[in-house]
Amino acid sequence: MSEMKANRIVSWLEERVDLGAAKHLIQEKVVPVHHHTIWYYFGGMTLFLFATQVVTGIMLTLYYRPGAEEAYESVQFIMTEVQFGWLIRSIHSWSANLMVGTMMIHLFSVYLTQAYRKPRELTWITGMALFGVVLTFGFSGYLLPWNVLSLFATKVGTNVAGQVPLVGHALVRFLRGGEDVTGATLSRFYGLHIAILPAVTTLILGFHLFMVQQQGMSSPPDVEKAAAKHPMKTMPFFPNFLLRDLFGWFAAVGVLAALAAIYPWELGKKADPFAPAPAGIRPEWYFMYMFQTLKYIPAKVGPIDGEVLGVLAFGVGGLFLLLVPFLDKKSARGEASPLFRWIGVGIIVYMVVFTALGYLAPGGK
Amino acid sequence: MKIALRVAVFGIVVGAAGMCHAPSAWAVNACIDCHKNLKEENLRLPAVKINDDYHVVRGLKCQDCHGGDPEAADKKEKSHSKDKGFRGKPKRLDIPAFCGRCHSDPSYMRKFNPSIRTDQVKEYYTSGHGKRLREGDQKVAVCISCHDVHAIRAIKDQAAWTYPVKVAETCGHCHADPKYMKERKIPTDQLKKYKVSYHYEVLTKKGDLSAPTCNSCHGNHGATPPGVDSVENVCSHCHAATAELFDKSAHKEAFSDLGQPACVTCHGNHDVMKPTDDLLAGGKGTPCETCHEEGSAELKKAVEVRALIGGLSRGIEEADAILTRAEEAGMEVGLPKFELIEAKDNLIKARAESHTLKAKKIKVLTDPGVVIAQKTVKKGHQLMAELQFRRKGLAASLLVIGAVLVGLFLKIREVDRRGRS
């Protein structure tokens, strides 16, 4: 009976909407099965955590009040008075961090399996754009509770933007809505966080997923080569892969619930723009490697300011990653590319080591 | 011929340069240039120390204090000539006048600092040190005993002997030396006592430069121990509110009648400790037993006051403890902590009010504080209960999620098996 009902609903819809793509996804889409299949789940996990952010974020906007006089108190109200407000807020904060983590794993697993190669260059570029958008989400959202840590982290972060040659000062004024981090910055970041970035994400993410559906899942060159001799093992996306995705998502829900209940995100002390920066101020972990690198660069390297050099180096690094599908000629030919793989490993090692140094080095605690 | 002419002109120019006197800047250093090469330590040291002297920073030179001719390099008779106003090293008895030649001259000192005091020498001669010096006793402090000589630093300089943190050691240089002070009939344990006091802790460990040191109570140039009648005035200079409350108590008249110094009788002087509520107990070992008998009506009052203040203090401690537990467990305690501040303020006021010994007035402060503390304790318990609720909720939801995961795992296995077959 229920199958008949389902068929009737599908027929009704088909008379009005072309369900070809959906049918293809359910009936035809397959996922390669090989020793790197595990990495395929991280894209979906990032998407799930993003959906969590959207849902919890919408719930938070029901109570959050942007503005230097009210922001902190509204978050305090959410944490103490709103039923399960503490849970929603903590999940939102923890999920943001987990999302950045899974996104980094997704990015580097795609890089190391050379999934950026032709014909998936646009998928890679939109993916890199999404990475930048997610970091901007994290940076803008971090200020919204308006506590001491978030105020000074934003001051330091926007100061770094000021090191961009030529446009640095104008960029800082644009980001802050003035010379310093004030209530104007908070309003600006709030608009960015709940309106501009979600709109941009919808567009880019939509295209990114469209390209993934269009082109299917990529396999590493060595797997593709082996498939020329023996047919590649695959599993249907629906229901096999999707069930596994669901398994991961439910596990993520469990992890988020445990983190929110056992380590609720702290409120901190209300920001005081006139107070000096507390000792040991540092950014969130996903910016830590950049922060730590800037600490080690001397004030002046020849005629150039150390910080400017650092910012330029990060810019060049980001540009390298963005353009890697066009730089890696071997991958474009479908061959293994050890040189780019080792560069990728080097980048991962650098990020991990410098993030660890940020917490373990003297003056880092 | 041309070459010879050029050599001759060159020689004349060099010779003329050699015969010229050095500009005055060089001549000013003649005193130092000579003295720094002398073998005698007492003559050489001033030339070395002078680089750290504040007078030099303000543009003064050796001759401004000692006179003489600074340009007469290598000619002692000329540089030390009395005709050139040479005053040399003053006798100890004459040191205040020597320094006062400038420091007591308002029109001279105005050039450097229009608001600087110029009555130090006058004040000095009212002090115990000054009076004895006038009588010919040279074993007393003079200007250089506290300010150093040739390396005199500004008071705001952290290396100055008169910098607040260093004052006690400067005074103790003499006053804490039993051998040096043996002819005097005053104790030499003041520095030792002061170093265990709360005032010393606040000054040196907490870095509060307004905390009292020797000169705060004894004066600087007019240093004299405060008399019995004036101790309260000295303490009330900082502890004004407490002094005002003390004046309303029965102790004010009683201490005056007994010739006992206020404040010091209960709190001590050099070894003033941070007062605790035990001072209010009135039992053995407290200052109260000096005058009051055990079981007297006055001591019963002290016990009542102690009970009021102790009750509030314990309530606040209990509230603090439970909020700390809740905070460490991850609960948000900002608001209850903020509300508890009012109770803590009431406790401070009640402790100050204890100087009046009026239980009714103290109760007016302690009762609302106790109510706030109790409310906060209740809030703390609610937070701990909420914590338990969250943990139980987490356990329940993890069970549900676990069940779903098991279901999904079994479904995945089934679907895979179906796919293989």
Among helices (runs of 4 or more DSSP H) lying entirely in the stretch B:114-220, which contain 1 or more residues that are in contact with a His (Cβ under 7 Å, 6 or more places away or on another chain)?
B:120-124, B:190-195
Subset of the stretch A:241-272 (residues that are touching a strand residue (DSSP E or B) at 6+ places or on another chain (Cβ under 6 Å) and among the aromatic types (Phe, Trp, Tyr))
A:Phe241
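Do we have any residue at all in the stretch B:374-386 that's over 30 Å from A:Ile88 (Cα atoms), within 14 Å of chain A (Cβ to nearest Cβ) and in a helix (DSSP H, G or I)? Walk me through how you get there before you give the answer.
So the first thing to find is which residues in the stretch B:374-386 are over 30 Å from A:Ile88 (Cα atoms), and the list is B:374.
Subsequent filtering for residues that are within 14 Å of chain A (Cβ to nearest Cβ) retains none.
Scanning the stretch B:374-386, I find no residue that is over 30 Å from A:Ile88 (Cα atoms), within 14 Å of chain A (Cβ to nearest Cβ) and in a helix (DSSP H, G or I), so the answer is no.
Criterion first (within 28 Å of B:Val272 (Cβ to Cβ) and open to solvent by less than 50 Å² (accessible area, probe 1.4 Å)) does B:Cys143 satisfy it? Before the answer, list the steps.
Working: within 28 Å of B:Val272 (Cβ to Cβ): no; open to solvent by less than 50 Å² (accessible area, probe 1.4 Å): yes.
No, not satisfied.
Condition first: loosely packed, with under 15 Cβ neighbours inside 10 Å and either over 17 Å from B:Leu60 (Cα atoms) or free of Cβ contacts under 8 Å to residues at least 40 places away in the same chain (or both). Now tell me which residues in the stretch B:112-121 satisfy that. Steps first, answer last, please.
Here is the first cut: in the stretch B:112-121, the residues loosely packed, with under 15 Cβ neighbours inside 10 Å are B:112-117, B:119.
Of everything in the stretch B:112-121, those that are loosely packed, with under 15 Cβ neighbours inside 10 Å and either over 17 Å from B:Leu60 (Cα atoms) or free of Cβ contacts under 8 Å to residues at least 40 places away in the same chain (or both) turn out to be B:Asn113, B:Pro114, B:Ser115, B:Ile116, B:Arg117, B:Asp119.
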Among residues of the stretch B:57-88 being of a type in the set (Lys, Arg) and in a loop (DSSP other than H, G, I, E, B), the residue farthest from the chain's Cα centre (by Cα) is B:Lys75
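Can we say B:Lys349 is touching a Leu at 6+ places or on another chain (Cβ under 7 Å), open to solvent by 30 Å² or more (accessible area, probe 1.4 Å), more than 9 Å from chain A (Cβ to nearest Cβ) and within 30 Å of A:Leu259 (Cα to Cα)?
Working: touching a Leu at 6+ places or on another chain (Cβ under 7 Å): yes; open to solvent by 30 Å² or more (accessible area, probe 1.4 Å): yes; more than 9 Å from chain A (Cβ to nearest Cβ): yes; within 30 Å of A:Leu259 (Cα to Cα): no.
Against the criterion (touching a Leu at 6+ places or on another chain (Cβ under 7 Å), open to solvent by 30 Å² or more (accessible area, probe 1.4 Å), more than 9 Å from chain A (Cβ to nearest Cβ) and within 30 Å of A:Leu259 (Cα to Cα)), B:Lys349 does not qualify.
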Among the numbered criteria (1) at pLDDT 95 or above; (2) within 14 Å of chain A (Cβ to nearest Cβ); (3) open to solvent by 30 Å² or more (accessible area, probe 1.4 Å), which one does B:Glu414 miss?
(1)
Please determine, by comparing only the residues of the stretch B:193-237 that are closer than 19 Å to B:Cys146 by Cα and of a type in the set (S, T, N, Q), which one is least open to solvent (accessible area, probe 1.4 Å).
B:Thr213
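Filter the stretch A:243-263 down to residues that are open to solvent by 50 Å² or more (accessible area, probe 1.4 Å) and not β-branched (Val, Ile, Thr), then give me how many there are.
Of all residues in the stretch A:243-263, those open to solvent by 50 Å² or more (accessible area, probe 1.4 Å) come to A:244, A:246-247, A:249-250, A:253, A:255, A:262-263.
Of the ones still in play, those that are also not β-branched (Val, Ile, Thr) are A:244, A:246-247, A:249-250, A:263.
Residues flagged as open to solvent by 50 Å² or more (accessible area, probe 1.4 Å) and not β-branched (Val, Ile, Thr) within the stretch A:243-263 amount to 6.
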Check every one of the helices (runs of 4 or more DSSP H) wholly within the stretch A:196-267 and list those with 1 or more residues that are touching a Leu at 6+ places or on another chain (Cβ under 9 Å).
A:197-215, A:242-262
Checking the structure you have, find out if any residue of the stretch A:174-183 is open to solvent by 70 Å² or more (accessible area, probe 1.4 Å), under 30 Å from A:Ala332 (Cα atoms) and either part of a helix (DSSP H, G or I) or modelled with pLDDT of 90 or more (or both).
no
Considering the stretch B:270-281 alone, what residues qualify as being in contact (Cβ under 8 Å) with a residue 12 or more places away in the chain and out of contact with any Phe, Trp or Tyr (no Cβ under 8 Å at 6 or more places or on another chain)?
B:Pro275, B:Asp277, B:Leu279, B:Leu280, B:Ala281
From the residues in the stretch A:266-297 that are within 23 Å of the chain's Cα centre (by Cα) and of a type in the set (Phe, Trp, Tyr), which one is farthest from the other protein chains (Cβ to nearest Cβ)?
A:Tyr289
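Of the residues B:Glu318, B:Glu328, which single one is surrounded by fewer than 17 Cβ atoms within 10 Å (Cβ to Cβ) and in contact with a helix residue (DSSP H, G or I) (Cβ under 8 Å, 6 or more places away or on another chain)? Spell out the reasoning first.
Values: B:Glu328 fails: in contact with a helix residue (DSSP H, G or I) (Cβ under 8 Å, 6 or more places away or on another chain).
None of the others qualify; the one that does is B:Glu318.
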Filter the stretch A:65-87 down to the residues that are surrounded by 22 or more Cβ atoms within 10 Å (Cβ to Cβ) and touching a Leu at 6+ places or on another chain (Cβ under 9 Å), then identify the one that is farthest from the other protein chains (Cβ to nearest Cβ).
A:Ala71
In the stretch A:231-265, how many are free of Cβ contacts under 8 Å to residues at least 24 places away in the same chain, more than 8 Å from every other protein chain (Cβ to nearest Cβ) and either within 16 Å of A:Asn97 (Cα to Cα) or polar (S, T, N, Q) (or both)?
0
So, A:Trp94, is that one within 14 Å of chain B (Cβ to nearest Cβ) and modelled with pLDDT of 90 or more or not?
yes
Mind listing whichever residues of the stretch B:87-106 are closer than 19 Å to B:Gly222 by Cβ and free of Cβ contacts under 8 Å to residues at least 24 places away in the same chain?
B:Gly100, B:His103, B:Ser104, B:Pro106
Can you name the residue in the stretch B:77-111 that is more than 30 Å from B:Ala141 (Cα to Cα) and touching a helix residue (DSSP H, G or I) at 6+ places or on another chain (Cβ under 8 Å) and, of all such residues, is least open to solvent (accessible area, probe 1.4 Å)?
B:Ser79
Considering only the stretch A:202-220, I want to know if a residue exists there that is more than 30 Å from A:Phe139 (Cβ to Cβ), in contact (Cβ under 8 Å) with a residue 40 or more places away in the chain, surrounded by 15 or more Cβ atoms within 10 Å (Cβ to Cβ) and within 14 Å of chain B (Cβ to nearest Cβ).
no
Residue by residue through the stretch B:303-335, note down the ones that are assigned to a helix (DSSP H, G or I) and either of a type in the set (Phe, Trp, Tyr) or within 14 Å of another protein chain (Cβ to nearest Cβ) (or both).
B:Leu323, B:Ala326, B:Glu327, B:Glu328, B:Gly334, B:Leu335
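The values are calculated or read from the model by the stated rules, or taken from the named source; none is laboratory data. Bear in mind the structure is a predicted one, so any value in this text is a computation, not a measurement. In this analysis, Cβ positions are derived from the backbone assuming ideal geometry, glycine residues included, and neighbour counts consider all displayed protein chains. When the accessible area is computed, the model is the full protein with side chains, heavy atoms only, and any ligands, DNA or RNA have been set aside. Shrake-Rupley method; radii C 1.70, N 1.55, O 1.52, S 1.80 Å.
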